[in-house]
Structure formats: C-alpha cells, structure tokens
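The values are calculated or read from the model by the stated rules, or taken from the named source; none is laboratory data. The model shown is predicted, which means the values in this text are computed figures rather than measured ones. When we count neighbours, we look across all protein chains shown, and the Cβ atoms used for this are built from the backbone with ideal geometry, even at glycine.
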Amino acid sequence: MALLDTTLDFNFTTLIASSLKVATAQAPSRKAPRWSERDINRVRDLLPFYSPKVVGRMLGRSEDAIKIMRQRQHIKASSKTEGWLSANRVMRLLGMPDARPVIGWIKKGLVLGHQVAGDDTWMVHEISLRRWIVSPISWLYFNTEHIQDPHLARLVELAQERWGDEWLTTRQVADLKGTTTRQIGQTIFRRQLPAVHVVGKDGRHENGKWAFWGVKRSDTEAWQFKSPAYDLMDRRHAFILLASAIGLSGMTIGKMVNLCHSTTSQRFELMNNSPHLKKVIAKYGLTDIEYRRKGGVHADWRKFAYRFPQVRGAFERYRDGKATSDDCYLIARILKNQMAANGMKVNPNIIGKISHGTVDDLVARMRKSGLKPYLLHKPRQR
C-alpha cells in the first residue's frame, strides 16, 4: 500500500512540474492597440494599391486585423475599388480569352494601371481604359466584335464610324494587292507603306520576332504596287505550281527551273490560291490538280509520273526495298504533303533523319487513319 501511495505522489509531482514549465514557456498575450481614426484612414487609402498583408506590415498589425477592419468600415477590396477595374474584369468586359494582354497594356503604358503590392492583382483605371478603347490604335490589340459590355461596345462603334477606316494585317494587304506577305514586309521596312508595329499583343511574346504589322485600308489603297516583271502564267511557273502540288520542296524545284530556293517559294506563294489555279488548269489542262482550303494546291504525283522520273524512280526503289536515304527523304516529303492536304497534323517541311523504317512508319500511320498513301503497287507476275 505504501508503494502505491509513493507512485501516485510521484505522478502528481511530475504533472505539476510539467504544467508549470509549459505555463512559464508561453509568452504573455499582448493586446492589440486601439484603432485610431488616422489608422483607419490609412487603411482606406492604402488598400487600393497594397494587399492586406502589406498594409498590416506598414501599420504594425496582422493581415487578419486589416481584413476585419476593412469589413467593419465597409472598405472595398483592391479589385473592387471605385474607379478601378481588375485585369480579369477588363478581360471579361472586352470578351478576351486571357488577362495577360491587359497586363501587357499596363506595362507598356497604353492604359493607366498598377499591380497591387504584395498581390498578383493588376488594376486598370476605368477612365483611362474608356479613353484608350475609342482610339483607333487600340483596335489592333483586341477584337472589337467580341466586346461584352453594351456601353463600351457602343462607344467603340461610334468611334469607328467617325474614323471611317479599317486596320488590315499584312496577309490581307498581300491578298488585296496580289503579292506575298514577304513583299509587304519589305515594303514596310523601306517605309513605302505606312504601318503600325504591334509587339506582345497576346501578353506573352515581348520581342519583335513575334510582332505583327497593322496597315490602314486607306494607305493600302493609296499604295501603288508594281506587279512583278515575270509572267506567272507561263510554262515555267505552271511547272513550279505542279511540282509544289505533288509535294516537292522549294529547293528541289529551284534546281529544276534554275531559280534560287527563296525565289521559287515566293512565286509559289503568289500562285497558291484558287483563282490562279483555275487559270492554269484552263490554259494547260492540268485538271488533276485541286485546291484544298487547308493545304492549298495538291495533286497525286502518280498522275504526273511522266513529268517527274526521279520521283517515280524513288518510289520504285522503295517498293523493291532498295531505296536510298535521298529516296526516303523525297518519299517522306511527298507523303507528308498528302497527309497535310487531308487534314492530318503534320509539317511537310520538318523531315529530320530519314530511313526506310521512317517511311514505313508514315505509311502505317496513314493507313491507320484510313488514308491510302501514294505508293506504287508491285507488278503482277505472269
């Protein structure tokens, strides 16, 4: 019995000692200072530009204390401050898929705005935005037809009526003038055609490589474009069109017609459209060439095998299992051209290292998709 009493006494002693140790280790709670009118006004002034965490650090209070005071005083959060719109809010008003372009406008100084310190939120001044979106230069940065806010849409519509002009891309200018985008770019660089350089339109690519040019329709119509000195309807250019349609590269075609690679590709770009193809078909009877909206001009090389003996030879050697690496390269490009013309996701210009097995893989992929590759069948044995 005495032993039991000693054990109980020891347990009580240990418990009391540990409790005292914990109590002494805890720091005494310090009551937060009372809010003065001056501190409340500072919170009201700082919250549009700083997060509650940063404001708390400035005033020597916790983030939760700032949030509680904001609620008690009915102070709006940074993203809801009167006269300011968040980048996400602007994105929704203008019907944009991403807020990054809006942030890019702020960084470029196109609209007045700032980033809320200590937060990822970006704010745009509402009046600055309204003034900017009625300026014609702003219409290069977003699609005015996608604006969701009726009031903003009406403001832009009235501004467009007053302007009486239209922005065109270099592709649209090239189509209007019957030339290539490269020619338009060279004309712009020579300052023969006024244009506006837009960099980082999508908020991601902030270098000139990813930029594009906007050209006013009035400047396009006033620009006197001199047509090329060569005839795109002669036999030489008809051959370029046919060779491109079966899938030959610009370098290969250039060697055939004694032109450099860039010149051959540039002239093919001028001819790669449905109206020109119809003229070539009518003049030379090339009825087996067709124009497809996704891939442009296209033709089955087998229908023109007599015009391209080197292509026929490559396919014959592949059929017989004797194809060289050059043969496989040529075959792979033609088959990729067929795949692209039929809507398959493939780039005919990217070939890489080619072997007989690579061509076999392409053929298997085409057959799996239900597409019959342009191959030669083995002759029947008598």
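Observations, loosely collected:
- Exactly one residue among 340, 305, 323 is within 28 Å of residue 181 (Cβ to Cβ) and not acidic (Asp, Glu), and that residue is 340.
Conditions tested, residue by residue: (1) farther than 24 Å from residue 346 by Cα; (2) without any contact (Cβ under 8 Å) to a residue 24 or more places away in the chain; (3) touching an Asp or Glu at 6+ places or on another chain (Cβ under 6 Å).
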position	(1), (2), (3)
293	no, yes, no
297	no, no, no
300	no, no, no
314	no, yes, yes
331	no, no, no
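- Residues located in the range 257-275, provided they are surrounded by 16 or more Cβ atoms within 10 Å (Cβ to Cβ) and either within 24 Å of residue 287 (Cα to Cα) or among the acidic types (Asp, Glu) (or both): 264, 265, 266, 267, 268, 269, 270, 271, 272
- For residue 156, the conditions (1) modelled with pLDDT of 90 or more; (2) assigned to a helix (DSSP H, G or I); (3) over 28 Å from residue 107 (Cβ atoms) all hold with the exception of (3).
- Selected residue (criterion: surrounded by the most Cβ atoms within 10 Å (Cβ to Cβ)) from residues of the range 309-322 that are assigned to a helix (DSSP H, G or I) and of a type outside the set (A, V, I, L, M, F, W, C): 318
- Filter result (modelled with pLDDT of 90 or more and part of a loop (DSSP other than H, G, I, E, B)) within the range 288-299: 288, 289, 299
- Restricting the range 154-173 to residues that are without any contact (Cβ under 8 Å) to a residue 24 or more places away in the chain and among the acidic types (Asp, Glu) leaves a set whose member that is farthest from residue 140 (Cα to Cα) is 161.
- Among the helices (runs of 4 or more DSSP H) confined to the range 172-287, the ones with at least 2 residues that are farther than 30 Å from residue 305 by Cα and outside the structural domain of residue 309 (by TED's automatic domain parsing) are located at 181-189, 217-222.
- In a residue-by-residue description of the range 100-114, the property of being without any contact (Cβ under 8 Å) to a residue 12 or more places away in the chain, of a type outside the set (Ser, Thr, Tyr) and within 23 Å of residue 52 (Cα to Cα) applies to no position.
- Filtered residues of the range 323-349 (kept if within 12 Å of residue 362 (Cα to Cα), part of a helix (DSSP H, G or I), among the aliphatic types (A, V, I, L, M) and within 29 Å of the chain's Cα centre (by Cα)): 332, 334, 335, 339
- Residue match in the range 367-375 (condition: in a helix (DSSP H, G or I) and either surrounded by fewer than 16 Cβ atoms within 10 Å (Cβ to Cβ) or of a type in the set (A, V, I, L, M) (or both)): yes
- Residues being small (Gly, Ala, Ser) and more than 23 Å from residue 159 (Cα to Cα) - total across the range 114-144: 2
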